[in-house]
Every structure is written in C-alpha cells, then in structure tokens.
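Down below is the structure, laid out as structure tokens.
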Amino acid sequence: MAGWRRLLPLVLLVAISACTKPRVWASDDAVARAAYVDKGAPSLTLVTVINNKTGAGGHTALVINAEQRVVFDPAGNFKYKDAPERNDFVYGMTPPVLRGYYGFHARKKWHVVTQKITVSPDVAEQAYQLAKNHGAVPDGFCAESVTTILHKLPGFETIKPTLFPVRAMKEFATLPGIVTDKIYEYD
C-alpha cells in the first residue's frame, strides 16, 4: 500500500500530461495575413475521416464559413505555412488550402466525408466564436469537442456530444439540407 502512495503522484502527473498539448498560437500578423472570406453562404461542414477497410471513424473536424472560413481541427495535426493555427483553430482556408486539408486526411487507408449545411449568419458566427474560444483539444476528443459545439447551436440541439466520429456523422446526416461528398485519394 505504501508503494502505491509513492507512485500515485507520478501516475497523476502522467495522466494529466497526456491530456495536454503544446500551446500553438500564431501571431496576430500571421492570422491577419491568412484571413480568407469566402463569398458563399454561411455554412458548417462536418468533416469525418473514415477507415476504408473497417469503416471506423478516425477524426472529426468542422469547417466554418462565417466572418472568414476556418477549420476547427481538434486534436488535429494539419500544418501548412499559409494556414496559421491557434490551438486547433486554423485560419486561411482558401480553396487550395481547404483541398489540401481534405487531401491531407484522404489517403490509401482513409477517405473523407464532408457534410455541408447552409446556416444563418448568426449561427455561423456563433459556431465560429465557440470553436475559436474552445482551446486545444486532447487526442481522442475531436468528435466530442465538435459535437459539443454543434449541440449548443440553434437548430443543432439534436446532435448529442459523442466520442465517436461515425456516430457524429450519422446524427449530422439527419439534419435537413445536408450536402454530402466523399473524397478518396490513393497516394
């Protein structure tokens, strides 16, 4: 029993460190330079990365077209020089960068499902602010963070927070007006 008492602080320290990520905080100048305003309607696009062999979900993200187009990439590892990040909130989602984002995830073993829905400017802005202020997400909690944000938005209350990307994708698919696309790449 005494051995466990000595090990407990070490076990707790390891557990806490596993739930943290290094802080990623692009400069104000980099964020301002990368700002991209898409002329399309305000929208939310749920991004789900699916294993081609098993059908299991590997990642969830949310593209938000509001005051500018960004991606909330919780626990993600997408890096691109023209897409500065602030704790999983990635700016600069121009059409080429967004294609690169999808291509980064779609490969021989994985494909990407995008589910886009047009929303009001107010809902898009609320999603933008919630994601921007969410902070860095620990590994394994991408779907949970995205679905928690969605659940708070008007019209998305039926989306229940979940840890499972495929469950989030299936719930999102029940919303009216969803446009779904699948992206496959084999490099």
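Taken together, the values in this text are just the output of simple stated rules run on the coordinates, not laboratory data. Because the structure is a prediction, the values reported are computed rather than measured. Virtual Cβ from ideal backbone geometry, glycine too; neighbours counted across all protein chains shown.
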- Task: Compute the separation of the alpha-carbon centres of the stretch 53-106 and the stretch 155-187 and state it in Å as a whole number.
- Result: 15
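To the nearest 20 Debye, how big is the dipole of the chain about its Cα centre, given +1 on the beta carbon of each Lys and Arg and -1 on that of each Asp and Glu? Present the calculation step by step, with values, prior to reporting the outcome.
Numbers: 22 positive and 17 negative charges, 137 e Å.
Dipole about the Cα centre, nearest 20: 660 debye.
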- Note on the structure: Descending packing, highest mean Cβ count within 10 Å first, for 38-44, 151-157 is 38-44, 151-157
- Gyration tensor verdict on the stretch 72-154 (Cα atoms; rounded if a/c is under 1.5, prolate if a/b is larger than b/c, oblate otherwise): rounded
